[in-house]
Amino acid sequence: MSEYNIPPIDKQTAKEAWTKLFLISDILRNTSCSVIELEYVNFARLPVIQFFLECPDATPVMKELIGVSGLSSGALSQAVNALVENGYLERVSSKTDSRLRMVRATEKLKTLREKPVRYFGKMQDDFRRVCGVTPEEMRKVKSMFVRLAESRTGGELAAMKLPSDLEKPGFVSVPLRKLGRLPVWMLLLHFTTKLKMPILMYYYGNSERISLGKLRILNYLFFLSERKKTSPTIADLAARFRCKTGLVFQTVRALNRDDMVEQVVFPVIHEGLVKLTRKGLSVRRMSSESYTRFMMNFFRGIEPEKIALFMRFLDLMLDYLKTDGKAFLGPGENFDIFE
C-alpha cells in the first residue's frame, strides 16, 4: 500500500469514512445476493440470512433473533416462515426445554454460504495483489473492522433522542470471540447493516414494508442529494439498476406512498424526476448526523496511524471496484458507480 497522510479527526473525516463504508457495503451486498441467487430476499429477510451466513452453526430462539435482527416479532415471523418454506431454515426443539422452538440453517443454506466465501476470497486476493496491500497492513485493517463490528449503536440512538426501545445497545449478532474469524467483507456488511437498520425502522415502523428495491433507490437518492446532483428519472433508475422501468415505477410509487419520494410529472411519465420529499430529506439529515457522530466517537482512542491506514484502505477499495474489481461485481453493479 502506498504512503498515506494522517487525516484530522473531524466531522469531514468521519463523514467520509461512513460514506465510503456504506458505498462499498452496498456494492458487496448486492453482489453477494447475486452470487447466492437469493433474489427474493427483502429487508426483513436480509438480516436473518446475514446472521446465518455469519454463524452457520447457530441455533437461536426467536426471541434471540429479534434482538440480533432488530425486527419486530411480526416481521421476523414472516421472514423466518418464508425462509423455512424455501428450505433455507428449519425449526427444531430445544434439547433442554421442549417448549422452546429454535431455528437453524439447513444444509441448503450452508452450501450457498460457500459461494460468497469463495467468491469474495478470490476478490480479496486480487485486491491485495493489484493494490499492493501487505499481509501486515491487511491484518491491521482487519483489526479495525473487527472493532467496528463490535461497536454498538445504542449510544448514538440515545443521543438522537429516538424512542426508548431503539436506545438499547444491540444489533450485534455474532459472538465477539468469533468476529476475528470472519473475513473483512463479512465484517463490513455486518457493521453497516446493524448501523443502518435502527434509523430505517424508526421512520418506517412496519419494517416488512421496506424491500431491498426501496433501499437501493433510497440509498442512491441519498447519495445524489449529498453531492447536490440532478434528480434521476424513472428511466435513469432503470438503466442504473438494470431492471425494467415498470418495476422501478412500482417501487417509486411505493416510496411515494411512504412519503419518502415525490415524482415531478412530465407528459411522458417515465421522464418525470424522482426527488426526495421533506420527510426523505429529514431521514437523510438525521442519519448523516448520527453516522458522523458514531464515526467520530469510534475514531477517538485509536492511533492516528491506524486511522490513516484505514482511510487509505477505503480509498483503494473504491478505486479497485471502479477499475479491476468490476469483474467481480454482480448484475446491475457493473457500471460507473461514482458518476
Between segment 248-325 and segment 102-134, what is the separation of their alpha carbon centroids in Å? 25
Relative to the present Cα-Cα distance, how much length would full extension add between T323 and K20 at 0.36 nm per residue of separation? 107.5 nm
What is segment 212-280's relative contact order, in percent, from Cα pairs under 8 angstrom and six or more apart in sequence? 32
Rounded if a/c is under 1.5, else prolate if a/b beats b/c, else oblate: with a ≥ b ≥ c from the C-alpha gyration tensor eigenvalues square-rooted, which is segment 212-280? rounded
Ranked highest first by average number of other Cβ atoms within 10 Å, how do 228-236, 13-21 line up? 13-21, 228-236
Taking amide hydrogens as modeled 1.01 Å from N in the peptide plane, which residues meet the under 5 Å criterion relative to M102, leaving out close sequence neighbours? V92, S93, S94
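Any read-out appearing in this document is the output of simple, stated calculations on the displayed coordinates, not a laboratory observation. None of these values were measured; they are calculated from a predicted model. Virtual Cβ from ideal backbone geometry, glycine too; neighbours counted across all protein chains shown.
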